Structures are given as structure tokens and as C-alpha cells.
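The structure appears below as C-alpha cells.
The values are calculated or read from the model by the stated rules, or taken from the named source; none is laboratory data. No experiment lies behind these values; they were computed from the predicted model shown. Cβ placement follows ideal geometry from the backbone for every residue including glycine, while neighbour counts extend to all protein chains displayed. Surface accessibility is based on the protein's heavy atoms, side chains included, excluding ligands, DNA and RNA. Shrake-Rupley method; radii C 1.70, N 1.55, O 1.52, S 1.80 Å.
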Amino acid sequence: MIPGKYRSVSGRAANNVNCGLHLVIQTSSLPEKNKVEFKLNKDTSSFPGRLLQHDLERNYSSRQELYGLEMKTTMSSLSAFGDSSIKIPSKSRIWQGCHSAGPNISGDHINLVSSSLSSFPILQRSSEEKILYSDRLSLERQKLTVCPIINGEDHLRLLNFQHNFITRIQNISNLQKLISLDLYDNQIEEISGLSTLRCLRVLLLGKNRIKKISNLENLKSLDVLDLHGNQITKIENINHLCELRVLNLARNFLSHVDNLNGLDSLTELNLRHNQITFVRDVDNLPCLQHLFLSFNNISSFDSVSCLADSSSLSDITFDGNPIAQESWYKHTVLQNMMQLRQLDMKRITEEERRMASVLAKKEEEKKRESHKQSLLKEKKRLTINNVARQWDLQQQRVANIATNEDRKDSDSAQDPCQIDGSTPSAFPEETGPLDSGLNNALQGLSVIDTYLVEVDGDTLSLYGSGALESLDRNWSVQTAGMITTVSFTFIEFDEIVHVLPKLKIKFPNSLHLKFKETNLVMLQQFNALAQLRRVDQLTIDPQGNPVVNFTLWKYYVLFRLSHFSMQKINGTEVTQNDMIMAERLFGILAHVASSELPQYRLISILGDAR
């Protein structure tokens, strides 16, 4: 063969290269040999006509740049390419079938001879083949069920067993100079028989039946490991492969990604078509540039958040995952991974980066506002709980005093100042777990506040007697005019009565009053509400207001405050029949009282409103 000239093998067109990891062999007839040099090669040439083969998943890199392992010799050249169909000059020798380690030798050059001394066939090559292809051997598509015995070929560097029916790796332990071993498309169930192949750089075991990654301890020089199309459920036993550059685990049964520590040279990781829901440890890969996660079950960026900490990653794919269907998908990925150059095999433009930056700022502002609201909400909860405790203590003291008065002759009366701190609060303190940031922020909040004033829309809520002082504030006309509902909680009703004149002046549009835990115990207490201008709705919560246990309390309120033409009491519409019944029940009593009682006594009972 003339130096620099090449021929196609097996009659296949040289430019019809199947996609995947290609071993390109350039052969010269010059006698120089035995000089071997390895180097990592990066070919920056582009190939716009490349074709992805998702069905075989022989894809090592979905990109416009070509990476490969090249073994330079004066006799041959071996390249391990990425996931693309490369246009090769028509005179190049290509060992076809995606993965090749030698020419497609015909039966005229290779014989597999049976032996009575062994159950394995014995390989025999012609002298011509041994001279022409001294360092490589292809047994592709030979219908082999076992690896044959290969004697006298200890110098082999490239060995191809593609497209056979081999179930076990064996009979190759003597090939200690082997650099590339291709067992693609066989029926192997376990990785074994490789412990002596310490020089192995390329191991291709795609499309087999392997369930576990194992027995790679001695292959510390491995550069390319292809295990796609197997039945692997867990990434394991590869942390010692510090020189591994390309790892293909596509089309397996992986549910998560972790245990990648130690792969310090890994530049490309293919995990397409698995069942992955979360990713870890990728940020510990210092050289990783290309990560393919297409067609998995990733649904949130939080499950792959470690990717944001990778400074080397420049190319990633998420297409075919639930996350890729979200409206926020693209800008979230870009704002968290600013170093990316390609996303889903599309180059990222400067405009896309700018938009992602703008959206990131908006998201940050939204996050800060949300954090602020969460902080205020938690502070409110803590304050209300504290007010509730103070209220419980106060009610307990009152109850103890009443008990002592009924037991004046008892020497064992309980000291009213000794209060059981375990009194249940009206607002339990149980709450869900807080995130660490919010928890840290809350450490600076005071939890001893004894009252709370809150304006929420058209509602003014007052918690604790100290909140009544807020009615003396200089409320803006807009805010004061907006308030239509005033709610009192954990405040003695008799204290509320003193501020009612201020209430009708400060909030002239307040039409709905709410009382909860205010110690409304007698019907007579409702008389004080008559001094207000108008009340359309009244809500008396049963909690802390025993008066609602009286059967006729609503009718008394309707009769006593009939000049308000009340519309609702405790959320129930007031009907004309209710007004008639109230008049029947209390009208006669009112007439008798007004006729028989002295004027000063009548005023003290009813007030001066009626």
C-alpha cells in the first residue's frame, strides 16, 4: 500500500460513518512500527451534518467540537470521537459498525479451529494478515458465543468483538498490551476477565446485559468507558478511574446520580434516557464540560442544584425532562449557570443571557419581598402567642381571686400570684419547620411584645390591651377611611368601652365589630355599643365570650341596638321576624323599667342613647 493512501473496508462508503465512539484506523505499509504515543486530542473542526442516533445512544458528545483519544504510531492512528457523524475523506480506512478495532477480516484471512483439548475455538490468522495488521484484530459479526483462544498475538493493541453473542469475557488475559477492547452488542452479564489488561484505554461494552459496574480495579489508565444500553441501576466502583475522560451510561436504569468523586479527568458524561430524579457530586468533577441529562425525570432545579457550583461545565441538556416544560426553565438554568455556552444543543446568545440576568434580578427582588413577608408573618405569630399567654395568665389570676373570695375560711387558698405556666393558650405555638435563613433572622426579633396592631385591607385588628393606645395615633385620612371592620382579641370588653368614642371619630366608616376573648359575660355590656354612630354587623366569637351561651342574647342585641338596623349577627342575616321577636321579648320589660325606675337609675342601666 502506498504511504498516505487509504482504502475502505468491507465495501462500505468511508463517509458513511455511524455515530458514536469511532475508532479511525489509518494504515501505512511502511515498515516502521513499535513507536507508540498517546495524547488527548481536541479537533475544533465543525461538522454541521452530524446525526444523533438516539435509538443506539452511542453519543459521547452532542456538540460542534470534536474530542478524542488519539493513539499515534508510524503505522496506525486510533481516535475515539464524540457523538456525531463525521465526514471522513473517502480514502480513509474506517472500521465500520460504530465501534471498530480492526478491519472486517473475511474467512479467507481468519480461521477459528476447534480443538479436542479445549472447548473454545482457537484463532488462526494468515501470515499476510499478521504482517498487515499486526496490532489489531476484528472478529465482528462472527456469530461467536465465546471468546476464542488467541495465541501468539500478545502484541495486539486493538480487539473488536462487536455484534456477536458472547456471554462472558474470557481468554484475553494474555493480551496485556491491549489498548482498545470493543464488545458492543453482545450478551455479557458481568464485567470480568480484565484484571491483567492494565494498558487498556478504551472499553466499549454498550448494548449488553450488565447489571453492575464492577471488576475495573486494575484499569487505572482507562480513558473511555462505554456502558450504554445495559441494566445498571447504580453508579459505583469507578472512583479510582482518575484518567477517565468519557463515561457513557445512557439507556440504563439509573434513578439518581452520585458517587462521582475521584473522576478528576472526566470531561464528558452521558446519562440520557434513564430514570434520574436528582443529581449530586457533579460539582466535584473539575474537568467536566459536557453533561447530557436528556429524557429523565428531573422536575425541579433544586434536584440538580449542584450543577450551579460547577465552574467547568459548558454544555448541558435537559430536554425530555419535566423541568424543560416549565416557563421558567431556561432563564432559571442560565441565571444559575452563567458559564454555559450551550443548552439543549443550542448555543446561548448574548440576548438570552441579558434576559436571564433581568429575570434573575426580578426573581431576587421577589425572593427578598417573600422573605420579608415570611419574617413579618412569623413575628406576628410569635407576638399573638405571647399576647395569648398573657391573657391566659390574667384570666387565671382573676379565677384564683374569685375562688379565694368564696373560700375566706380556708387557710390553704392558692396564692393568686402563683400561676401554672402550662395553661393552654388560645393560639397554640405549633408551627411548621422554618428554613435556616428565616430562623436566623427571627433570632433578632423580640418575642416579649404584649400587643399587636395590624391593618390588613379594610380590617383593623387589635391584639392585647396595649393595642388600644394605637387609636391615639395620627392615622392618615386614606387609611382611616378604608377601615370598615375592627377586630378586638385578648382585650377586656370593659376596657374597649372606654375607647369607643375614639373609634367612631378615627374610623367613621367602621361598620363591623368583632370580639374574641374579650370577656363578654352579661347582656348589659352590649349597652355600651349604643354610643357608636352605626353598626351593620356584629361578630361575637364563642371563644372567651360566655354571653353567647345565653339563648336570647341575639334578640337582646337587636332590641337594644335597634336604631342601628343591624344587618348581620355572627354572619347570619337579620330578618324582620327577628326584629319582631326582639321587640316582643324585651319591649315590655323596657316599658316597665322606664316607668318604674328613677331617671338616674335608668340612665345608669341603659346609657343616654335610649
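Pairs linking a residue in segment 320-334 that is over 10 Å from S299 (Cβ atoms) to a residue that is open to solvent by 20 Å² or more (accessible area, probe 1.4 Å) and part of a loop (DSSP other than H, G, I, E, B), with Cβ atoms under 6 Å and 6 or more positions apart or on different chains, are G320/F295.
Put simply, of S138, S126, S134 the only residue that is small (G, A, S), farther than 20 Å from L222 by Cα and either in contact (Cβ under 8 Å) with a residue 60 or more places away in the chain or touching a helix residue (DSSP H, G or I) at 6+ places or on another chain (Cβ under 6 Å) (or both) is S134.
Take segment 304-323 and flag every residue that is farther than 18 Å from H290 by Cα and surrounded by fewer than 19 Cβ atoms within 10 Å (Cβ to Cβ). Result: P322, single match.
If you go through segment 165-213 and keep only what is among the small types (G, A, S) and surrounded by 22 or more Cβ atoms within 10 Å (Cβ to Cβ), you end up with S180, G206.
Screening I150 on (1) β-branched (V, I, T); (2) in contact with a Phe, Trp or Tyr (Cβ under 9 Å, 6 or more places away or on another chain); (3) open to solvent by less than 10 Å² (accessible area, probe 1.4 Å) shows it passes everything except condition (2).
Taking residues in segment 291-303 that are under 17 Å from N270 (Cβ atoms), and partners anywhere that are small (G, A, S) and surrounded by fewer than 24 Cβ atoms within 10 Å (Cβ to Cβ), the pairs with Cβ atoms closer than 7 Å and at least 6 places apart or on different chains are F292/S62; S294/G320; F295/G320. Any chance segment 231-250 includes a residue that's on the phi > 0 side of the Ramachandran plot, modelled with pLDDT of 90 or more and surrounded by 19 or more Cβ atoms within 10 Å (Cβ to Cβ)? The answer is no; no qualifying residue exists.
For first residues located in segment 212-230 and over 15 Å from L178 (Cα atoms) and without any contact (Cβ under 8 Å) to a residue 60 or more places away in the chain, partners that are assigned to a loop (DSSP other than H, G, I, E, B) and charged (D, E, K, R) and lie 6+ apart or on another chain with Cβ distances below 6 Å form the pairs I213/E236.
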